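Undergrad: First the structure, which I've put down as structure tokens, then a few questions once you've had a look.
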Amino acid sequence: MRIPQSEKELTFWERIYFPEVFRGLAITAKHFVVNMIRHTLRLLGFKNVPKGAVTYQYPEEIRPISTRLRTMHRLARRADGSPRCVACMMCETVCPASCIYIVAGEHPDPNIEKVPIRFDIDLGKCIFCGYCVEACPEDAIRMDTGIYNFAAYTREGMVLTLEELLAHEPAPYVSVPTQDKAPDPGPLAKSQPVSAPASA
Amino acid sequence: MPTLKIDGKEVWVEPGTNVLEAAKKLGIEIPHYCYHPALKVAGSCRMCLVEIEGMPKLQISCHTKAADGMVVWTNTEKVRKARQAVLEFLLVDHPLDCPVCDQAGECYLQIYYMEHGLYKSRLRENKIKKEKAKPIGKHIILDQERCILCSRCVRFTREVTKTFELGIFNRGNRSVVDLYPGISELQNRYQGNLADICPVGALTDRNFRFQTRVWYLQQAKSICPGCSRGCNIEVDYNISREYKAGGRRIPRIRPRHNPKVNGYWMCDDGRYGYKYVDALDRILLPRRLDEGEPVELSWPAAYTMAADLLSEATKEGADKVGVLLSAKMTNEELFAARKLFSSLGVSRIGFRVEPKEPGYEDDLLIKADKNPNTKGAELLELGLGAGKSDVSALLDAAEAGEVDTVVIFNEDLSKSSEAERAEAVLPKLGRVIYVGTNWNATAAKADLVLPMATFVEQEGTFTNFEGRVQRFWKAVEPLGESRTGLSILAGLATALGLEPVSENAEEVFAELAEQVPAFFRGSATRNLVSTGNWLRARLGRR
Ligand code: SF4
Ligand code: SF4
Ligand code: SF4
Ligand code: SF4
Ligand code: FES
């Protein structure tokens, strides 16, 4: 949405156009030169020169992400693969975007009792605040799949269902690469099976 | 009159009142579990301890009678510590199932823990395992682990229903609430109340189980339309999360305390009988039959058609029209309908429908008359003279050819004692208009069907069997295109060019109270206060 802003009167200097164009070019050129000097000096071994800016060639080259980044949700599973979630609806209650939709059903084991039969998250509405993860008393909903590149052609396509949420695996973060090393595409290039399924 | 001092404030009470009730009079809530004002005192939970000057030990306020000159302290350090300790004991074997427990949000363990507990758990033992999720009746499910053994449920089955199904078995921390041996399930017709009086989530409602969370619900004060007792109820509705409870907007209803009508209770037929309001067979659009084929109509077209049918019929003579109102309609609707049809010249306005079998009745709450407003209709002097059934009188007239147009309001004649005769006679009539909430055999054959709102979708008053006029409030909007009875009558009046009818129940009630001597003169609906109990129709003083 365009936010209307009050227009500033241009000064004479700005109105003659060319001086401002050259000022802009000068800024770009300054960044280019400064970064080139920094990269060259560091290459020559001057380690106390500040780092130069880096451009990632996304999507071929993937930027490392922090392990605590809130990414697409998943629902943890019990040893038998059933959802660990007990449909307490805490996440649904706390969600500021009201984008979690839970319908509860009976679990055959009276010691578990309650299980979601529908659990939808509308990612089109989700603001990735992570409150749902905070609120969960069962540690069942997590935002650690490492998936952040998702899009859909329809609003319905943005809805994650119970099956999808259960199928998600946690991102197997190996280490958090620093910018000095070559970026490690690991977590997103391919996901590995979870080592031990979560159990209650 | 004993006068005592509680927390420094003086209060006088009736002799025999206990200290807990005396404090309530001052607005001081003493936490308690086993005490229930409608049941005998058990004194088993020890949560209601208070300090009374001159007594060496703390006393349970539910079982201590208020005495003159007593000085009571409900919130001293000693009392608070004792409460905390009691709570810690009650929770020793408690499973803390809150995430899966339907009581969460209105559980007195949670409430009092947050208000008076807040201790750190010191328990190092394993908790005792007991039976969980055990259905003990058609409507009730028991979780023995969550039970705090307050015995409210046991006393309820002993003192209120007198059916003696529940008892407490075993001893010490292995005690459990259960059905007596030889009883396979609860047999009383009031078992829904067990879920209400259980202060924790040990007894919960199977109808409400896992449907939603209590904090998603909003409340509207209402009156149960299940029988002529008119129990005061609270309609719990959910409109913000429409995917809950299988799309039902009303996941549950609960009794509302009214000492003059229903006390704290309501029966199961009323409690679970409201489901037609969200049923799939609700009539959602006006509909007419064209050569036996149903055609859906818009409201303006429906009003025009109804007005045409009625004016055609009255042209042949107003006594050719028979109207069957319903004792399920509000006083306001009945009054407005009476006004509208009498200004058309119609005199055959009945409402009595005799059921196939007489209804069940007991001496607690349930009445045999399953209509909420029979008394109201009688006070409005509706009905076709003597006899139990206005349906029979109308069918007699129809068979004799005196009536060829009928307007039926929300009564399924196929459920009445005259089912066979109605089935034979109705199709032979010239015109049948049906105004109602749900599809049924009578509606299916009507020439014109108008969808009407249910009791949760409108406001109004019912007059119960003792002549008590009780107000109820609207909870949710009418489903689909349905409209309230008043709104339908208003539309008809306009289409017929008659004196306008107000759609506002309060205005109609004010007019009704002015014009019908049986209702208090000049008392408008707004005088009926929220306990539901207000205004007694002036019985026998016309
Ligand atoms: S991250 Fe925030 S907005 Fe998204 S589902 Fe969770 S609570 Fe809702
Ligand atoms: S808070 Fe956790 S356990 Fe509760 S419904 Fe959400 S995911 Fe399930
Ligand atoms: S009874 Fe109360 S405290 Fe116990 S599990 Fe249910 S909500 Fe929680
Ligand atoms: S089941 Fe509920 S009402 Fe009955 S004794 Fe236990 S806690 Fe009390
Ligand atoms: S309420 Fe007084 S002992 Fe339980």
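The values are calculated or read from the model by the stated rules, or taken from the named source; none is laboratory data. Note that the structure is a prediction, hence the values are computed from the model and not measured. Glycine also receives a Cβ, built like all others from the backbone with ideal geometry; neighbour counts cover every protein chain displayed. For accessibility, only protein heavy atoms count, side chains too; no ligands or nucleic acids. Shrake-Rupley method; radii C 1.70, N 1.55, O 1.52, S 1.80 Å.
Undergrad: What is the calculated FRET efficiency for residue B:53 to residue A:106, with r their C-beta to C-beta distance and R₀ = 45 Å, to the nearest 0.05?
TA: The formula returns an efficiency of 0.25 here.
Undergrad: Continuing with this model, one more query. Under 15 Å from the 7 Å Cα→Cβ point of residue A:161, by amide nitrogen: which residues of segment A:96-113?
TA: A:101-103
Undergrad: What percent does the relative contact order of chain B come to when contacts are Cα pairs within less than 8 Å and at least six residues apart?
TA: Contact order relative to length: 11 percent.
Undergrad: Which of the lysines could be linked to residue A:47 by a straight reach, that is with a Cα gap under 28 Å, when you skip same-chain ones fewer than 8 residues away?
TA: A:30, A:181
Undergrad: Using a simple spin-label model with points 7 Å from Cα along the Cα→Cβ vector, what separation in nm is obtained for residue B:301 and residue A:39?
TA: For the pair residue B:301/residue A:39, the computed spacing is 7.3 nm.
Undergrad: Could you state the number of Å between the C-alpha centres of segment B:231-307 and segment B:353-407?
TA: Taking the Cα centre of each part, segment B:353-407 and segment B:231-307 sit 22 Å apart.
Undergrad: Right, next: Which of the aspartates and glutamates could a cross-linker bridge to residue B:5, judged by Cα under 19 Å and excluding same-chain residues fewer than eight apart?
TA: B:14, B:21, B:29, B:51, B:53, B:68, B:77
Undergrad: If you don't mind, there's one more thing I want to ask. Protein chains only, probe 1.4 Å: how do A:80, A:109 rank by accessible area, largest first?
TA: Reading off the accessible areas and sorting them downward yields A:80, A:109.
Undergrad: Another one. In nanometres, what is the gap between the two model label sites at residue A:67 and residue B:293, each 7 Å from Cα along Cα-to-Cβ?
TA: For the pair residue A:67/residue B:293, the computed spacing is 7.1 nm.
Undergrad: Compute the acute angle (0 to 90°) between the alpha-carbon long axis of helix B:299-315 and the principal axis of greatest extent of the alpha-carbon atoms of chain B; round to the nearest 10°.
TA: Roughly 50 degrees, rounded to the nearest 10.
Undergrad: What is the gain in length, in nm to one decimal, between residue B:122 and residue B:308 on full extension, counting 0.36 nm per residue of separation less the C-alpha to C-alpha distance? Before the final figure, lay out each step's value.
TA: Working: separation 186, 0.36 × 186 = 66.96 nm, distance 7.89 nm.
Using 0.36 nm per residue and subtracting the Cα-Cα distance, I get 59.1 nm.
Undergrad: What FRET efficiency comes out for the pair residue A:80/residue B:26, r = Cβ-Cβ distance, R0 = 41 Å, nearest 0.05? Let's see the in-between values first.
TA: Working: r = 56 Å, r/R0 = 1.36.
Computed FRET efficiency for residue A:80 and residue B:26: 0.15.
Undergrad: With 24 Å as the limit, write out which pairs from B:40/B:375; B:445/B:474; B:221/B:375 have Cα-Cα distances beyond it, or answer none.
TA: Beyond 24 Å: B:40/B:375; B:445/B:474.
Undergrad: Suppose each label sits 7 Å from its Cα in the direction of the beta carbon; what would the residue B:240-residue A:135 distance come out to in nanometres?
TA: Those two pseudo-labels are separated by 1.0 nm.
Undergrad: Mind checking segment B:161-236 for chymotrypsin sites (Phe, Trp or Tyr not before Pro) that DSSP puts in a loop (not H, G, I, E or B) and that have at most 14 other Cβ atoms within 10 Å? Numbers along the way, then the final one.
TA: On the way: sites: B:164, B:169, B:190, B:208, B:210, B:215, B:216; in loops: B:164, B:190, B:208, B:210.
In loop regions of segment B:161-236 (DSSP not H, G, I, E or B), the sparsely surrounded chymotrypsin sites (Phe, Trp or Tyr not before Pro) are B:164.
Undergrad: Using a/c under 1.5 as the rounded threshold, could you call segment A:12-54 rounded, prolate or oblate? The axes a ≥ b ≥ c are square roots of the C-alpha gyration tensor eigenvalues, and prolate needs a/b larger than b/c, oblate otherwise.
TA: Cα axes put segment A:12-54 in the prolate bin.
Undergrad: Please give every one of the lysines within straight-line cross-link reach of residue B:81, meaning a C-alpha to C-alpha distance under 19 Å, and leave out same-chain neighbours fewer than 8 residues apart.
TA: Filter leaves B:57, B:120.
Undergrad: Another question, then. Using only the alpha-carbon atoms, how far is helix B:505-515 inclined from the longest principal axis of chain B? Give it as 0 to 90 degrees, nearest 10.
TA: With both axes taken from Cα atoms, the answer is about 70 degrees.
Undergrad: Checking the table B:320/B:370; A:114/B:244; B:25/B:162 against a 19 Å threshold on Cα-Cα, which pairs fail? All intermediate terms of the calculation are to be shown ahead of the outcome.
TA: Values: B:320/B:370 30 Å; A:114/B:244 15 Å; B:25/B:162 30 Å.
Cα-Cα > 19 Å for B:320/B:370; B:25/B:162; rest within.
Undergrad: Calculate the FRET efficiency for residue B:134 and residue B:319 from the Cβ-Cβ distance with a Förster distance of 60 Å, rounded to the nearest 0.05.
TA: 0.45
Undergrad: Suppose a student asked you for the relative contact order of segment B:124-278, using Cα pairs under 8 Å spaced at least 6 residues apart; what percent would you report?
TA: Answer for segment B:124-278 is 19 percent.
Undergrad: Right, something else. Just flag the trypsin sites (Lys or Arg not before Pro) in segment A:15-93 sitting in loop per DSSP whose Cβ has no more than 13 other Cβ atoms within 10 Å.
TA: A:47, A:51, A:68
Undergrad: If you take the square roots of the eigenvalues of the alpha-carbon gyration tensor of the protein assembly as shown and sort them as a ≥ b ≥ c, do you get rounded (a/c under 1.5), prolate (a/b over b/c) or oblate?
TA: Cα axes put the protein assembly as shown in the oblate bin.
Undergrad: What number, rounded to the nearest 500 deg cm²/dmol, is the helix-based mean residue ellipticity at 222 nm of chain B, given -39500 (n - 2.57) per DSSP H run of at least four residues and division by all its residues? Write down the numbers at each step before the final one.
TA: Working: 14 runs with 122 residues, N = 542.
My calculation for chain B gives -6500 deg cm²/dmol from helical runs alone.
Undergrad: Also: Taking a ≥ b ≥ c as the square roots of the eigenvalues of the Cα gyration tensor of segment B:177-290, is the shape rounded (a/c under 1.5), prolate (a/b larger than b/c) or oblate? Walk me through the numbers on the way to the answer.
TA: On the way: a/c = 1.71, a/b = 1.54, b/c = 1.12.
Since a/c reaches 1.5 and a/b is larger than b/c, the shape of segment B:177-290 is classed as prolate.
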